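Here's the structure we're looking at; comments come further down.
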Amino acid sequence: MDGSFYEHQKAIITNVIDNPSRFEKEIYKSRLWLTDSEQDKLCEWLEANYPEQYKQLLQNLQFKHQTNKAYMISA
């Protein structure tokens, strides 16, 4: 992949950043579609550009993982 889907996901995430549910769904989709290295880049980008939302997402995912209702994201 040439990174175009990575750039596409960044644009989508930027548009849904104020909607926690959609933000989480887009991150989940990214985990399905991006390569491991693109996922790492996306996590770095999220942490640099949206640190509060990213931190909240990780906390939500950890809780859901502990209750066996969702997935984990690499950080």
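Collect the residues in the stretch 28-60 that are of a type in the set (A, V, I, L, M) and free of Cβ contacts under 8 Å to residues at least 24 places away in the same chain, keeping them in residue-number order. Show your work before the answer.
Step one: filter the stretch 28-60 for residues of a type in the set (A, V, I, L, M), giving 32, 34, 42, 46, 48, 57-58.
32, 48, 58 - these are the residues of the stretch 28-60 that are of a type in the set (A, V, I, L, M) and free of Cβ contacts under 8 Å to residues at least 24 places away in the same chain.
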> Identify, please: which residue in the stretch 3-27 is part of a loop (DSSP other than H, G, I, E, B) and of a type outside the set (A, V, I, L, M, F, W, C) and is, among those, farthest from residue 49 (Cα to Cα)?
Replying inline: 3
> Where residues in the stretch 5-41 are under 18 Å from residue 59 (Cβ atoms) and aliphatic (A, V, I, L, M), which of them is surrounded by the fewest Cβ atoms within 10 Å (Cβ to Cβ)?
Replying inline: 17
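Pick out the one residue from 32, 57, 46, 61 that is assigned to a helix (DSSP H, G or I) and at pLDDT 90 or above.
Matching residue, one of 32, 57, 46, 61: 46.
The values are calculated or read from the model by the stated rules, or taken from the named source; none is laboratory data. Fair warning: this is a prediction, and the values are worked out from it, not measured in the lab. In this analysis, Cβ positions are derived from the backbone assuming ideal geometry, glycine residues included, and neighbour counts consider all displayed protein chains.
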